[in-house]
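The values are calculated or read from the model by the stated rules, or taken from the named source; none is laboratory data. Not measured: the values here are computed from a predicted model. Positions of Cβ are backbone-derived with ideal geometry, glycine not excepted, and every protein chain shown enters the neighbour counts.
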Amino acid sequence: MNLYLEYFSINKALFQEKTPENLALCIVIPCCNEPNALQTLQSIKQCILPNIGIEVIIIINDSETAEENVKQLNAETYRELVDFAKKNNTSKLQFLVHYEKNIPKKHAGVGYARKLGMDEAVRRLNHPNGIICCLDADCTVLDNYLIEIFKHFHSPEKDTATVYFEHPVSGNEYPQDIYRAIYHYELHLRYYKNALQYTGFPFAVYTVGSSMAVKAGAYCKQGGMNKRKAGEDFYFLQKMCKLSKPIEINTCTVYPSPRTSTRVPFGTGKAIAEIISNDNSNYYTYAFESFIDLKLFFDNIEKLYNKVHVDLPASISAFLKEINFNEELKEITANSPNFNSFEKRFYQWFNAFKVLKFIHYSRDNFYPNQPVEQETKKLLSHLKAAFDNSDLLDFMRHYDRLHSNT
């Protein structure tokens, strides 16, 4: 861990406060232009506390090119959260607030802020089994959030986790078109993850930045968080999968905001804004036929290892030709003394990013996007899940809780 901090951390220690001897869990919250960040801290304060020390590290941040109103809000938020920390810090739960100003444009973004906070968590935990949780400054959590995460990481072989999430899909806080849009977008997220799991892909996980947790030692071993301006959660979890598949903690809940956003080129906020601007009552997702073809491919990788001819679907054959698969297959096979070794190497190469590239290729050349509710029902039919024509998103949420990988 010290080696990681010396060579890969992007900053020195952010806080001078003495680290509690019993510190075992840190929550890292990047915060930029967030008017309701205090609500997130209040939600954490209301949690049931395990018998350990906990610190919440808030990284308020802005770019050197940020607009003045963003910097003003960040300054106000900093004062507000520091005041909250002074009034609410206890021996078991402490809030530490850092304001990183004027970050160079090429680095500024959520990845940089998340890395800054997670590196600081490593420094303060100073133990490989210390737990680092990722949250966002527009989330709230169920009151058992801390105690359930701590309980699930008690096992030494568990390095990474995703935490169950639910976006609010009704209420009076947001306009109804936002609730309608987030309903379809969350349904898309649950459809994609479960469709990927259906194919047999071993690393089908949710990649939601506010719903991740990792042990400090594993974090350092895999090179820490990246500095991407968007998609940092996707690439981080893909990297962590090389150690082991993340467990799914479905016994507590994170409630991310459904609000619109244009700060990043993709993600929840951008998707919600696009759904609303298109004035579409539905959301179009990847056709289930792409996942059926992918499943046929994954079902036959042992035959590929044994050099047995396999008739693959046209979408798969065309994509493999596009990415020079035969050359890669030769190299993977040559470096694999047995099938177990081959399978591990294969999925390290044909990883989540490669899967997504195939899905996009298949969408553009074979199976156009289709309504998300229609495709989700196709998936449930193939899973032989007894959907009773009730609320589809509610059913998928329930399905996820029942089929968690813990």
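Determine whether LYS227 is basic (Lys, Arg) and over 27 Å from HIS154 (Cα atoms). Judged against the criteria, LYS227 is a match. Scan region 333-368 for residues that are in contact with a Ser or Thr (Cβ under 9 Å, 6 or more places away or on another chain) and aliphatic (A, V, I, L, M) and jot them down. The answer is ALA352, VAL355, ILE359.
Could you tell me whether PRO246 is surrounded by 18 or more Cβ atoms within 10 Å (Cβ to Cβ) and at pLDDT 95 or above? Considered against the rule, which asks whether it is surrounded by 18 or more Cβ atoms within 10 Å (Cβ to Cβ) and at pLDDT 95 or above, PRO246 comes out as no. Only one residue in LYS384, LYS377 is under 18 Å from ARG190 (Cα atoms), modelled with pLDDT of 95 or more and not assigned by TED's automatic domain parsing to the domain that holds LEU294, so which one is that? Criteria check complete, one pass: LYS377.
Only one of the listed residues (TYR192, TYR112) is buried (at least 21 other Cβ atoms within 10 Å of the Cβ), among the aromatic types (Phe, Trp, Tyr) and within 15 Å of the chain's Cα centre (by Cα). That residue is TYR192.
Where helices (runs of 4 or more DSSP H) fall wholly inside region 150-250, the ranges with 2 or more residues that are within 18 Å of PHE350 (Cα to Cα) and not charged (D, E, K, R) are 176-199, 232-240. Looking for something buried (at least 20 other Cβ atoms within 10 Å of the Cβ) and within 30 Å of ARG79 (Cβ to Cβ) - is there at least one such residue anywhere in region 171-189? For region 171-189, residues buried (at least 20 other Cβ atoms within 10 Å of the Cβ) and within 30 Å of ARG79 (Cβ to Cβ): present. Of all residues in region 40-60, exactly one satisfies the criterion of being farther than 18 Å from GLU120 by Cβ and of a type in the set (D, E, K, R), namely LYS45. Of the helices (runs of 4 or more DSSP H) lying entirely inside region 324-392, those containing at least 2 residues that are of a type in the set (Asp, Glu) and either surrounded by fewer than 17 Cβ atoms within 10 Å (Cβ to Cβ) or under 25 Å from the mean Cα position of the chain (by Cα) (or both) span 325-334, 372-382.
For beta carbons closer than 9 Å, sequence separation of 6+ or different chains, a first residue in region 31-46 that is closer than 12 Å to LEU142 by Cα and a second that is of a type in the set (S, T, N, Q) and assigned to a helix (DSSP H, G or I), the qualifying pairs are GLN42/ASN88; LYS45/ASN88. Does TYR174 satisfy being within 12 Å of ALA213 (Cβ to Cβ) and either out of contact with any strand residue (DSSP E or B) (no Cβ under 6 Å at 6 or more places or on another chain) or assigned by TED's automatic domain parsing to the domain that holds VAL254 (or both)? Considered against the rule, which asks whether it is within 12 Å of ALA213 (Cβ to Cβ) and either out of contact with any strand residue (DSSP E or B) (no Cβ under 6 Å at 6 or more places or on another chain) or assigned by TED's automatic domain parsing to the domain that holds VAL254 (or both), TYR174 comes out as no. Within region 213-222, can one find any residue that is farther than 19 Å from ASP136 by Cβ, buried (at least 22 other Cβ atoms within 10 Å of the Cβ) and either in contact with a Ser or Thr (Cβ under 8 Å, 6 or more places away or on another chain) or of a type in the set (Asp, Glu) (or both)? Yes, region 213-222 contains at least one residue that is farther than 19 Å from ASP136 by Cβ, buried (at least 22 other Cβ atoms within 10 Å of the Cβ) and either in contact with a Ser or Thr (Cβ under 8 Å, 6 or more places away or on another chain) or of a type in the set (Asp, Glu) (or both).
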